[in-house]
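Quick notes on the structure that follows.
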Amino acid sequence: MPTLHWIGKDKVINHHHDVPFKVLDHQYTFNGNGPPVTGTSPNKIIHGDNLEALKALLPEYEGKIKCIYIDPPYNTGNENWVYNDNVNDPKIRKWLGRVVGKISEDLTSHDKWLCMIYPRLKLLHKLLAKDGVIFISIDDNEQTNLKLICDELFGNENYLGNLIWRKKEGGGQTDKYFVTEHEYICAYQKSNSFYWIDTIVKKQESEFNKADKNGRFKLTKLEKWGSAARKEDRPTMHFPIVDPNGIDYLPTAPDGNLGRWRIGKTTMNNLIESDLIHWEQRNGKLIPYEKTYHTTDGETTIKERSIIYNLTNTADASKSLTEIFGKKDVFDTPKPFTLIEFLILHSTDQDAVVLDSFAGSGTTGHAVLNLNKQDGGDRKFILIEMQDYAENITAERVKRVINGYGKKEGTGGSFEYYELGETLFVGENSEYLNEAVGIEKIRNYIWYSETRNFLAPTNQHSKEDTLLGIYHNTAYYFIYHPTHLTSLDFETLATVNVKAGQYIIYADNCLLSKEFLFKNNIVFKKIPRDISRF
């Protein structure tokens, strides 16, 4: 499979490992006009660099996000985005803090964009559930590059296709060659466990205008019509079937040449065996049709088209923001929330977690809240925005959607607002634990690094409570005190009061022999040396 190479790729392939782990610092809970939130809200808005924020989400959300939608910079040269990832490479350090210009003016703009997006996609892949999907809005500037790196990270076999969204009507007279009316939404599944939910519509009973002993049915021609209808287009779908007179019948294309069927041989044989082929006399010859019976549920499924015409455009999205904030020009080129609703509705169930790490004006949060109001769902959102408008625009929009604006009734709901906090490890080489983050977050991190599971924080631990938990018959202990060194010795071992097949015990020192540890299935890990970094 072809792969893409660019300046700095070798330095960013594993850069996500070098990103410092920061804790999420809770600022407030917003519940609008509703009753007080019991516990915490499942929805999060995070202000901070999205690369660091994505890493901070790993302990709680790795493998749990059902739908990711992102709208990253398109690299048009007009967005004023700045490359700010602290990659340890002299060439890349020259880019830090500088606005990325137009391709015609900045010969490394593609390299910068790829260095920015690659480690973020790596972390997004980790967060995505096995049956999850990622949608990425993009335009022609980086679409081909995006496809190649997504093939590399997600696998070409998991590419679902490009949706083409018509973003505007009219205008564009200043475009050099063509009036560009569309953008792309590149879609990848995590694995083949993902399923797309087709639209279900009421059947039009008038279509079922034939009847036999089994009920009413409609006819659909079995010969392919329209484009790619010739034999040479799909040779394996050109084969004979036997008509009621015992004569072999071969498909014919609309232009009179040898044609092909709509379906393959296996499906055709199933129709024949199920007596679902109807022969009609047309122009002096028998023509085969597929029979589809009208079912009592009165519903049928409709496949969505790859070109999205019928959803609102950027002008409608700007108008919606004006209605929400009561003023114009709140945000440049927002996406309509109906577009995000469309993606969520077709790719998730009603209790899915939806993540947007380029949250912008908060469109994804708006879409989730609106869908929940419509169908009573319990979808959750996580929004990450690094710019200073994270609270004044991103969070403020979500607040107004929850409470209602103008004549629009509120959706209800709540969210937690976070800032990126301190790093878990400090020191020149990150060799010390940062006690300022609190013992709960350290315990949480260690549990995740060992089990890849989330240890829900609790304030009920006493200073003597060293058990993290039991996972796969292994008990994990974290013996730590911020003011003095701790030791794994016979005295502390006496506090180990659970039965397990193995014990992994963290402490500052170990005073027990290797033989004793081996005999009793104990693994000692030194704090902080043996705490994994990820």
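Tabulated results
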{"item": "Selection within region 229-251 - in contact with a Lys or Arg (Cβ under 8 Å, 6 or more places away or on another chain) and closer than 23 Å to THR292 by Cβ", "result": "ALA229, ARG234, MET237, PHE239, PRO251"}
{"item": "Scan of region 57-84 for residues that are assigned to a strand (DSSP E or B) and either without any contact (Cβ under 8 Å) to a residue 24 or more places away in the chain or of a type outside the set (Lys, Arg) (or both), ordered by number", "result": "ILE65, CYS67, ILE68, TYR69, ILE70, VAL82"}
{"item": "Filtered residues of region 481-507 (kept if in contact with a Leu (Cβ under 7 Å, 6 or more places away or on another chain) and of a type in the set (A, V, I, L, M, F, W, C))", "result": "LEU488, VAL498, ILE505, ALA507"}
{"item": "Hey, GLU52 modelled with pLDDT of 90 or more, surrounded by 15 or more Cβ atoms within 10 Å (Cβ to Cβ), within 24 Å of the chain's Cα centre (by Cα) and farther than 25 Å from GLU152 by Cβ or not", "result": "no"}
{"item": "Test: LEU511 is closer than 30 Å to HIS47 by Cβ and modelled with pLDDT of 95 or more", "result": "no"}
{"item": "Within region 424-454, considering residues that are over 26 Å from the mean Cα position of the chain (by Cα) and of a type in the set (S, T, N, Q), the one surrounded by the most Cβ atoms within 10 Å (Cβ to Cβ)", "result": "ASN434"}
{"item": "Search result, residues across region 334-375 that are within 16 Å of ILE324 (Cβ to Cβ), outside any helix (DSSP H, G or I) and either under 12 Å from the mean Cα position of the chain (by Cα) or of a type outside the set (A, V, I, L, M, F, W, C) (or both)", "result": "PRO334, LYS335, PRO336, GLY360, SER361, GLY362"}
{"item": "Which numbered condition THR301 misses (of (1) modelled with pLDDT of 85 or more; (2) closer than 19 Å to ILE197 by Cβ)", "result": "(1)"}
{"item": "Only listed residue being of a type in the set (Val, Ile, Thr), in contact with a Gly (Cβ under 8 Å, 6 or more places away or on another chain) and over 23 Å from LEU121 (Cβ atoms), chosen from VAL401, VAL426", "result": "VAL401"}
{"item": "Tally of residues being in contact with a helix residue (DSSP H, G or I) (Cβ under 6 Å, 6 or more places away or on another chain) and not in a helix (DSSP H, G or I) across region 396-411", "result": "4"}
{"item": "In region 185-194, residue nearest to the chain's Cα centre (by Cα) [restricted to those that are surrounded by fewer than 19 Cβ atoms within 10 Å (Cβ to Cβ) and of a type in the set (Ser, Thr, Tyr)]", "result": "SER191"}
{"item": "Boolean, GLY365 is touching a residue at least 24 places away in the same chain (Cβ under 8 Å), at positive phi and surrounded by 20 or more Cβ atoms within 10 Å (Cβ to Cβ)", "result": "no"}
{"item": "Flag for ILE393 being more than 19 Å from PHE342 (Cβ to Cβ), aliphatic (A, V, I, L, M), in a strand (DSSP E or B) and in the same structural domain as PHE337 (by TED's automatic domain parsing)", "result": "no"}
{"item": "Residue pairs meeting the criteria (Cβ under 9 Å; at least 6 apart or on separate chains; first farther than 16 Å from SER532 by Cα, in region 413-437; second aromatic (Phe, Trp, Tyr) and exposed (fewer than 15 other Cβ atoms within 10 Å of the Cβ))", "result": "GLU416/TYR28; TYR417/TYR28"}
{"item": "3 or more residues buried (at least 16 other Cβ atoms within 10 Å of the Cβ): qualifying strands (runs of 3 or more DSSP E) within region 233-319", "result": "285-293"}
{"item": "Residue pairs meeting the criteria (Cβ under 6 Å; at least 6 apart or on separate chains; first assigned by TED's automatic domain parsing to the domain that holds THR364, in region 115-137; second of a type in the set (S, T, N, Q) and outside any strand (DSSP E or B))", "result": "LYS130/SER191; LYS130/SER193; ASP131/SER193; VAL133/SER347"}
{"item": "Among the candidates PRO244, PRO334, PRO288, PRO251, residue that is closer than 25 Å to LEU160 by Cα, touching a residue at least 12 places away in the same chain (Cβ under 8 Å) and either out of contact with any strand residue (DSSP E or B) (no Cβ under 8 Å at 6 or more places or on another chain) or not assigned by TED's automatic domain parsing to the domain that holds LEU383 (or both)", "result": "PRO334"}
{"item": "Flag for ALA475 being surrounded by 15 or more Cβ atoms within 10 Å (Cβ to Cβ), without any contact (Cβ under 8 Å) to a residue 40 or more places away in the chain and small (Gly, Ala, Ser)", "result": "yes"}
{"item": "Output for region 217-227, where each listed residue is in contact with a helix residue (DSSP H, G or I) (Cβ under 8 Å, 6 or more places away or on another chain) and closer than 10 Å to HIS294 by Cβ", "result": "LYS218"}
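For every residue, the table says whether it meets (1) at pLDDT 95 or above; (2) of a type in the set (D, E, K, R).
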{"position": "THR348", "(1), (2)": "no, no"}
{"position": "VAL354", "(1), (2)": "yes, no"}
{"position": "GLY377", "(1), (2)": "no, no"}
{"position": "VAL401", "(1), (2)": "yes, no"}
{"position": "GLU409", "(1), (2)": "no, yes"}
{"position": "PHE415", "(1), (2)": "yes, no"}
{"position": "GLY427", "(1), (2)": "no, no"}
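The values are calculated or read from the model by the stated rules, or taken from the named source; none is laboratory data. If you're wondering where the values come from, they're calculated on a predicted model, not measured in any experiment. So basically every Cβ, Gly included, is an ideal-geometry build from the backbone, and we count neighbours across all protein chains shown.
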